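Step one of this worksheet: look at the structure below.
The values are calculated or read from the model by the stated rules, or taken from the named source; none is laboratory data. Since the structure is predicted, the reported quantities are computational estimates derived from the model, not experimental observations. Glycine also receives a Cβ, built like all others from the backbone with ideal geometry; neighbour counts cover every protein chain displayed. SASA here: full protein model, heavy atoms, side chains in, ligands and nucleic acids out. Shrake-Rupley method; radii C 1.70, N 1.55, O 1.52, S 1.80 Å.
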Amino acid sequence: MQFSRILFNLVTRHVAVLICFVFILINVMFYTAAKDDHLRQINAQFQYTNQMINLSLPLEIVKPLSPVILEWQFITPTGYTKIRKIFGKSWNVASTKFEVEDGYVLLVHQSLVSAYFFQFFITNTVLFFIVLTLLTTAHFNLQKHWKVLIQLESWAARYDKNDKFRFYLSSRSYSLVNTIRNLNQARIEAQKSGHKADHFIRSQTFLDNHTGLGNRLYFEHRLDSVLQEEGKVYGAVLIIQFGMLDMIRDRQGKSSVAQILQQYSEILKEYVDDTAQSVVSRISANDFAILLPYVDGNEVERIALSILRMSQKVKLPDYVDTNMVCHIGADMYDREDTSFKILAEADMALRAAQLHGPSGWFMYDSGQLPASEIKGSVRWRTAIQNAIDTDSFVLFYQPVIDLDMRVQHYEVLARMEGTNGELINAKVFLPMAKKCGLIPAIDKQILLSIIDVMEQGCLVPISVNVHIDSWLNRDFCNWLIQFLKANAELTKYLIFEVSEFDLAQNAKKLSSMFAAVRRFQVQLMIDQVGLYVLDTGYLDYLDVNYLKLHQSLVNQIQVRAENQMFIRSLQTVVANRNILLFATGVESEQEINTLERLGLHGVQGHFIKRPSETIDHSIEVIDIDGDNLNL
């Protein structure tokens with residue numbers, strides 16, 4: 001039972017007993033005083049009447065000495081009423097008989113109740129209002145203290161069920177509350193210390209401190225990983241230079257540039273898209289870079305012109321020539337290019353744009369994209385909707401293994417059949433599906449296909465990416481719960497993957513939905529960990545089973561100390577949470593050995609095993625393909 005309720009009942013009972021005792025005591029005292037006064041008035045009237053009789057005065061002149069006396073009679077010893085005088089009436093009367101020399105004197109008077117009823121009523125009414133006033137005053141004086149006790153106990157009850165429940169009492173006037181607050185804060189700080197260390201290492205290694213964007217090292221790692229992805233690889237890199245920042249820095253100092261720099265970085269952050277995995281970084285004092293995977297020349301032109309237009313809206317000092325604010329160099333790339341070559345060509349395109357004079361952009365090489373990949377928005381929507389309607393998604397399965405070469409689970413990799421029968425990579429069609437609002441429909445289709453595979457007897461753990469557009473869609477969430485209920489016997493084999501970038505921004509909002517999903521024994525995996533520089537505080541709100549490192553962290557990790565440092569810091573965060581770490585994009589024996597030394601639980605990649613359209617669930621231990629994409 002709650003302590004506050006026990007204490008409340010105890011106080012209530014004692015106050016009620018005390019009030020009753022006070023009422024009884026005061027009324028007994030009042031009764032005693034009234035009784036004495038009543039007898040005194042009756043005796044006084046008798047003495048007065050008896051003197052009148054003894055003095056042989058006319059008895060008709062006898063008057064009542066108080067309103068209590070209503071009537072008097074002189075009665076002879078034979079019972080004859082010699083004289084009777086009435087002074088008044090009452091709703092309740094009594095009589096007192098006194099013996100005198102020649103007979104009896106009978107006094108009819110008000111009873112004690114009728115004589116003092118009004119005084120009794122007034123006294124108790126006044127007493128009631130006095131007690132009520134005292135109780136009200138005490139209530140308001142004690143309410144703030146009692147409220148703290150109830151809040152403290154409420155927090156304790158919730159904390160007993162969920163140790164992540166926040167201590168929210170604002171009062172600092174009580175030693176007990178302050179002690180609990182300090183102990184709770186110490187616990188929280190101990191939990192957050194791992195997050196802070198992890199975020200500090202990420203930010204110091206990969207983050208530009210002035211803008212919050214990635215730095216040049218981060219951008220180069222990300223570009224390297226894109227070039228090693230499976231399937232067709234193409235896209236564009238843009239280098240954006242705000243050259244007038246040097247002029248402002250020379251005239252007004254570094255501090256004057258900070259606000260302008262922040263405005264430009266906010267413009268460029270609009271092009272960060274987790275579905276397309278685009279990246280924005282500050283690669284030097286005045287230069288920014290944008291990585292745009294799977295875009296064509298038309299999209300690059302649209303983005304470049306948009307950046308030029310938005311940069312003109314930033315307010316600059318009067319001495320700056322507004323026609324010379326921003327220059328952009330762009331380069332289209334494919335798998336055959338290297339990161340050094342791409343950045344060098346983008347830089348040459350930037351110089352060409354500067355040679356033209358005013359703010360503008362220049363494409364180094366428009367590139368030759370596959371014709372099948374170049375579609376307008378309307379054609380993309382038609383193609384994707386047709387694939388949904390005809391169930392034209394092909395599922396590939398890639399094993400994720402532990403370091404003993406045993407299959408831990410299989411990841412689903414979706415491909416969409418094109419109009420000519422070619423298979424289109426998810427990284428190509430998903431960004432367009434996102435623009436068209438078709439992501440939830442695609443996720444539904446893939447989940448239904450996975451259940452069909454399981455119902456055919458393939459009962460192995462399968463992970464599938466459920467995108468943030470679906471998690472934030474109420475209709476999809478309602479459908480998903482019904483889907484899990486209908487397939488309750490198979491849900492224990494499902495692992496839902498969610499990207500870290502999306503989850504970090506929506507952890508609190510999605511915590512209840514994820515909790516509902518977890519009731520069906522579905523496991524949760526956060527993938528693309530390390531793709532962006534984020535705080536791992538989202539783990540405080542979610543019950544997660546796995547984290548999967550992005551390929552940009554894994555690539556050449558044996559020679560990249562900063563990536564190894566990041567993984568070690570991440571290990572401290574998950575150490576007490578029963579969360580397993582996996583790595584994707586593993587492409588060499590050296591990477592596997594390094595990841596094993598860093599304590600990862602498992603790996604995935606083309607070097608391990610290429611994706612296939614079937615799952616051989618009879619195989620528990622696999623042989624490494626050694627299919628390195630660089631060969």
Of (1) open to solvent by less than 10 Å² (accessible area, probe 1.4 Å); (2) farther than 19 Å from Leu245 by Cβ; (3) part of a helix (DSSP H, G or I), Ala330 satisfies every one except (3)
Which listed residue is surrounded by 16 or more Cβ atoms within 10 Å (Cβ to Cβ) and at positive phi, from Gly605, Gly537 = Gly605
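Check every one of the strands (runs of 3 or more DSSP E) wholly within the range 41-152 and list those with 2 or more residues that are open to solvent by 60 Å² or more (accessible area, probe 1.4 Å) and over 27 Å from Phe23 (Cβ atoms).
On the way: elements: 69-75, 81-86, 93-100, 103-110.
Filter on the range 41-152 gives 81-86, 93-100.
Here is a list: Glu489, Glu497. Which entry is of a type in the set (D, E, K, R), outside any helix (DSSP H, G or I) and open to solvent by 40 Å² or more (accessible area, probe 1.4 Å)?
Values: Glu497 fails: open to solvent by 40 Å² or more (accessible area, probe 1.4 Å).
From the options Glu489, Glu497, the qualifying one is Glu489.
Can you name every residue in the range 380-405 that is in a loop (DSSP other than H, G, I, E, B) and either touching a helix residue (DSSP H, G or I) at 6+ places or on another chain (Cβ under 7 Å) or small (Gly, Ala, Ser) (or both)? Even if it seems obvious, please write down each step before you answer.
Step one: of the range 380-405, the residues in a loop (DSSP other than H, G, I, E, B) are 390-392, 403-405.
Answer for the range 380-405, where residues must be in a loop (DSSP other than H, G, I, E, B) and either touching a helix residue (DSSP H, G or I) at 6+ places or on another chain (Cβ under 7 Å) or small (Gly, Ala, Ser) (or both): Asp391, Ser392, Leu403.
Can you tell me which of Leu223, Leu268 is under 22 Å from Pro358 (Cβ atoms) and not in a loop (DSSP other than H, G, I, E, B)?
Details: Leu223 fails: under 22 Å from Pro358 (Cβ atoms).
The conditions single out Leu268.
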Mind listing whichever residues of the range 518-534 are surrounded by fewer than 19 Cβ atoms within 10 Å (Cβ to Cβ), outside any loop (DSSP other than H, G, I, E, B) and out of contact with any Asp or Glu (no Cβ under 7 Å at 6 or more places or on another chain)?
-> none
Among the residues of the range 244-286, write down those that are surrounded by fewer than 20 Cβ atoms within 10 Å (Cβ to Cβ), farther than 20 Å from Lys427 by Cβ and in contact with a strand residue (DSSP E or B) (Cβ under 8 Å, 6 or more places away or on another chain).
-> Ser265, Lys269, Asn286
Which listed residue is at pLDDT below 85, among the β-branched types (Val, Ile, Thr) and within 26 Å of Arg335 (Cα to Cα), from Val574, Val529, Val603, Val533 | Val533
Collect the residues in the range 406-444 that are in a helix (DSSP H, G or I) and either basic (Lys, Arg) or open to solvent by 40 Å² or more (accessible area, probe 1.4 Å) (or both), keeping them in residue-number order.
-> Lys427, Lys434, Lys435, Lys444
Kindly indicate whether any position in the range 541-551 is assigned to a helix (DSSP H, G or I) and either at pLDDT below 90 or buried (at least 17 other Cβ atoms within 10 Å of the Cβ) (or both).
-> yes
Are any of the residues in the range 582-589 among the aliphatic types (A, V, I, L, M), buried (at least 17 other Cβ atoms within 10 Å of the Cβ) and in a loop (DSSP other than H, G, I, E, B)?
-> yes
